[in-house]
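Trainee: Structure in structure tokens, see below.
The values are calculated or read from the model by the stated rules, or taken from the named source; none is laboratory data. From a predicted model like this one, the values you see are computed outputs, not experimental measurements. Ideal geometry is used to build each Cβ from the backbone, glycine not excepted, and the neighbour counts take in all protein chains shown.
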Ligand code: HEM
Ligand SMILES: [Cu+2]
């Protein structure tokens, strides 16, 4: 969508990929007014998403001892696995950052490359997580077993769903980069998906600490 | 999942059968009329696909009025049942369903859309913008609300209404105790419209922060826009808690988790906490915009700038912050302990201070003003004593030890209706009257409006004052009947009379609208009230693009200053040489279709029909991908067209 406060627009949109630039002096993702608005809007969205996670964390913290005689975190969590998950996700945040860096230098193919690596790392993170969930379920630790497990699966699963969505989204943007190259519009998209990705990383740090580390302690 | 609908209920219940027949007849009539007058294309092009904030605002308002009617019918049914002891007009099950739908609809599908209607109709015009920051998202918000409300309303005729109260407390709302689809309807309807509400919060926050006309600093912003800013922030921080509360309860009901169950370590109080962490800010979400309306209306019709502008803004901000620290006052009786209750009791009482500041500022604005008692002003003036009483009883309820007596009694019912009706509903009606000419280009009839006003206001006190007494006499809320001989009969009977009077008042408003479409005074100036803020510098209704050229704002109430000769009035009219092509978003049918997909998911989850969820989910994903790949989203209105429109309006300068 585009916005309407363009007071001093001089020329028309041509068909195709010509993008009208409002602020040539700014970084590319901020060059259209629309882009600047969307980035701010996305920051605000992340704030609400953070509160969403905060509520899930609160629920988890209240219920984490409510194991109803069933398995506890200490019995279930596998230190090497969740450490690996953490390393993978942190690395993917870094590669995502490299994509933004290359974007500012105008190297389309490198941007695409780093994004693909980021998405693949994300995919392996999700794979590990699914594997972990399946294992737990097979041992009888399902989300129906106790309030603790309900809260665990929901909190970690919500994060996992966010990551999966991010992968799909990133794929869409990679395709658009192939089609259109780096324009103020695709650049804004790369920038925003990276904001999202870093945000999920931050949330994971809390998950790692509050759910896993405090769980095995 | 064990949520088989009681299909039998379709045909056996006279009331439901009646509704079925009504719905079918109305739908047939609408389809017939649209076909006969060849209006399908018009409906699709002008309304279903629009991204214009003015039209979206009008749709919100129509929906809110319809829901006010539906919720009002629920209220009249309940009051009829309670008019005398031992009546059997409604049985217990029905009564439960009706107070639940009444409360839910009034808060989420009447008050919220009414508030959003005014956001949409007013904010861009007041700040000198051509639309909101994200018009496409705005359309999504509306249609999500619309289909959420739709889902809620069909529950009555398909499968049974929710009946666990608008608060839906577990364990009552868990599968074990509410095993039909009713509770699922509640959860899905609120969830779907709630997503839209969060999007609206984001949209208006960004709009107000980033799209104000040059020169309009925050300190020059009209107070209504300030109230929208505060409300948007409240929405963003409060609604995620509701989202989570609803989602977890839905998981309990559909996947068998144990968040709020009595078994396997669940904790029902967790739901109640999450619900009210949203719920208390929610009451401010619906009252702050009403405060904003009163500020505009009172200052316009007193012909004075609002007294204490700075303290008004400060009060909005203070209420928004402290509003997050009071939620436990809804369950002092939980037994959280004296210290916790004390904290929340004091925080609650503290809110009375900024609220009082606002009330005194409105009074001082009127003091020595040249007051004109127009319809909006009448509702604004009536609000002050009503809200003062409601506020005072609120402080009484906040006294935690005393609340053990008032809790869940009719004292509480009277209190919250006094603030919700006396505050929000009065405010929304005042706002509707005030901005009606801006939306439609004509004024609503004064004479019929006065009948509506007096019926509604007198009815209000007749209805709710006796309920304070009933509460103190021990009558609890959510009971469907009571025995004779408790001394409750007379106050209940009086209360029911009051409810009917209010109903008549509402009918007068409907009549007034219909009458005024034909006979209402036309607004040819664009400024029928001699207004102060920017929207009154535009013609009524405003052209599609709002402002041909964006004015530079040089003071608070700049339009008023210009009319007083303190600023150049011509600065508000477009100059031919300044007109440039105007950048506008294209219409799109996708928000509508996307929301239907959400609706399909909703139906699937309500009845546990997985294929529906899959189809709806794929539909949502498809719409989002299509949007991501869409680059041709906007167009330019050529200069000639703008010049043509503006000169036809007689506004063009040299
Ligand atoms: C014509 C005006 C109205 C009348 C006569 C009326 C009457 C009633 C009655 C009789 C009840 C049920 C009390 C009980 O049995 O516990 C009720 C509950 C309620 N009303 Fe209203 N009402 C009116 C307008 C409103 C409005 C405008 C709102 C909100 C904006 C509202 C919000 C509620 C809520 C939240 C409940 C609680 C529902 C529950 O217990 O779950 N009402 N009202
Ligand atoms: Cu409250």
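Trainee: Which numbered condition in (1) under 24 Å from residue B:118 (Cα atoms); (2) out of contact with any helix residue (DSSP H, G or I) (no Cβ under 6 Å at 6 or more places or on another chain) is the only one that residue B:534 fails?
Mentor: Among (1) under 24 Å from residue B:118 (Cα atoms); (2) out of contact with any helix residue (DSSP H, G or I) (no Cβ under 6 Å at 6 or more places or on another chain), the lone unmet condition for residue B:534 is (2).
Trainee: Continuing with the same structure: Might you let me know whether region B:347-354 holds any residue that is away from ligand 2 (no atom under 14 Å from the Cβ), crowded, with 17+ Cβ neighbours inside 10 Å and away from chain A (no Cβ under 14 Å)?
Mentor: yes
Trainee: From the residues in region B:577-608 that are over 25 Å from the mean Cα position of the chain (by Cα) and loosely packed, with under 15 Cβ neighbours inside 10 Å, which one is nearest to residue B:635 (Cα to Cα)?
Mentor: The qualifying residue nearest to residue B:635 (Cα to Cα) is B:578.
Trainee: Between a residue in region A:39-61 that is more than 8 Å from chain B (Cβ to nearest Cβ) and any residue that is surrounded by 19 or more Cβ atoms within 10 Å (Cβ to Cβ), which pairs come within a Cβ distance under 6 Å, given they are 6 or more apart or on different chains?
Mentor: As it stands, the answer is A:42/A:192; A:46/A:199; A:53/A:203; A:60/A:151; A:60/A:155, since those pairs meet every condition given.
Trainee: What single numbered condition from (1) assigned to a loop (DSSP other than H, G, I, E, B); (2) in contact with a strand residue (DSSP E or B) (Cβ under 8 Å, 6 or more places away or on another chain) fails to hold for residue B:471?
Mentor: (1)
Trainee: Can you tell me which residues in region A:62-84 are part of a helix (DSSP H, G or I), surrounded by 19 or more Cβ atoms within 10 Å (Cβ to Cβ) and at the interface with chain B (Cβ under 8 Å from one of its Cβ atoms)?
Mentor: The one that is part of a helix (DSSP H, G or I), surrounded by 19 or more Cβ atoms within 10 Å (Cβ to Cβ) and at the interface with chain B (Cβ under 8 Å from one of its Cβ atoms): A:63.
Trainee: Determine which member of the set B:25, B:48, B:34 is surrounded by 14 or more Cβ atoms within 10 Å (Cβ to Cβ), more than 16 Å from ligand 1 (Cβ to nearest atom) and either farther than 27 Å from residue B:135 by Cα or modelled with pLDDT under 90 (or both).
Mentor: Only one candidate qualifies: B:34.
Trainee: Six or more apart or on different chains, Cβ atoms under 7 Å: show the pairs whose first residue is in region B:311-327 and within 14 Å of chain A (Cβ to nearest Cβ) and whose second is within 16 Å of ligand 1 (Cβ to nearest atom) and assigned to a helix (DSSP H, G or I).
Mentor: Pairs that qualify, where the first residue is within 14 Å of chain A (Cβ to nearest Cβ) and the partner is within 16 Å of ligand 1 (Cβ to nearest atom) and assigned to a helix (DSSP H, G or I), are B:324/B:281; B:327/B:276; B:327/B:279; B:327/B:280.
Trainee: If only one of B:165, B:148, B:128 is within 16 Å of ligand 1 (Cβ to nearest atom) and in contact (Cβ under 8 Å) with a residue 40 or more places away in the chain, which one is it?
Mentor: Just one listed residue meets the conditions, B:165.
Trainee: Return the pairs, sorted by first residue and then second, in which the second residue is part of a loop (DSSP other than H, G, I, E, B) and buried (at least 21 other Cβ atoms within 10 Å of the Cβ), the first residue lies in region B:264-283 and is more than 9 Å from chain A (Cβ to nearest Cβ), the beta carbons are less than 7 Å apart, and the residues are 6+ apart or on different chains.
Mentor: Close Cβ pairs satisfying both conditions: B:268/B:170; B:268/B:260; B:271/B:170; B:271/B:260; B:280/B:326.
Trainee: Continuing with this model, one more query. What residue, among those in region B:251-263 that are within 11 Å of another protein chain (Cβ to nearest Cβ) and assigned to a helix (DSSP H, G or I), is surrounded by the fewest Cβ atoms within 10 Å (Cβ to Cβ)?
Mentor: Filtering region B:251-263 for residues that are within 11 Å of another protein chain (Cβ to nearest Cβ) and assigned to a helix (DSSP H, G or I), the one surrounded by the fewest Cβ atoms within 10 Å (Cβ to Cβ) comes out as B:255.
Trainee: Evaluate region B:369-378: report whether one residue or more is assigned to a helix (DSSP H, G or I), touching a residue at least 60 places away in the same chain (Cβ under 8 Å) and within 16 Å of ligand 2 (Cβ to nearest atom).
Mentor: Checked region B:369-378: no residue is assigned to a helix (DSSP H, G or I), touching a residue at least 60 places away in the same chain (Cβ under 8 Å) and within 16 Å of ligand 2 (Cβ to nearest atom).
Trainee: So, residue B:302, is that one surrounded by 21 or more Cβ atoms within 10 Å (Cβ to Cβ) and away from every other protein chain (no Cβ under 11 Å) or not?
Mentor: So residue B:302 passes the test.
Trainee: Of the residues B:331, B:324, B:344, B:294, only one is more than 16 Å from ligand 2 (Cβ to nearest atom) and either part of a helix (DSSP H, G or I) or touching a helix residue (DSSP H, G or I) at 6+ places or on another chain (Cβ under 8 Å) (or both); which?
Mentor: When all the criteria are applied, what remains is B:294.
Trainee: Please work out if residue A:23 is more than 8 Å from every other protein chain (Cβ to nearest Cβ) and crowded, with 17+ Cβ neighbours inside 10 Å.
Mentor: No.
Trainee: Check off (1) within 14 Å of chain A (Cβ to nearest Cβ); (2) out of contact with any helix residue (DSSP H, G or I) (no Cβ under 7 Å at 6 or more places or on another chain); (3) under 30 Å from residue A:192 (Cβ atoms); (4) in a helix (DSSP H, G or I) for residue B:627 and give me the number that stays unchecked.
Mentor: (2) is the only condition that residue B:627 fails.
Trainee: So which residues in region B:203-249 are crowded, with 21+ Cβ neighbours inside 10 Å and under 14 Å from residue B:275 (Cβ atoms)?
Mentor: Across region B:203-249, the qualifying residues are B:238, B:239, B:240, B:241, B:242, B:243, B:244, B:245, B:246, B:248, B:249.
Trainee: Looking for whichever is facing another protein chain (nearest Cβ under 7 Å), touching a helix residue (DSSP H, G or I) at 6+ places or on another chain (Cβ under 6 Å) and in a helix (DSSP H, G or I) here; the options are B:235, B:244. Which one fits?
Mentor: The match here is B:244.
Trainee: For region B:221-270, what are the residues that are over 20 Å from residue B:316 (Cα atoms) and within 16 Å of ligand 2 (Cβ to nearest atom)?
Mentor: Result: B:241, B:242, B:245.
Trainee: Kindly indicate whether any position in region B:384-404 is assigned to a helix (DSSP H, G or I), in contact with a helix residue (DSSP H, G or I) (Cβ under 9 Å, 6 or more places away or on another chain), within 14 Å of ligand 1 (Cβ to nearest atom) and modelled with pLDDT under 95.
Mentor: Scanning region B:384-404, I find no residue that is assigned to a helix (DSSP H, G or I), in contact with a helix residue (DSSP H, G or I) (Cβ under 9 Å, 6 or more places away or on another chain), within 14 Å of ligand 1 (Cβ to nearest atom) and modelled with pLDDT under 95, so the answer is no.
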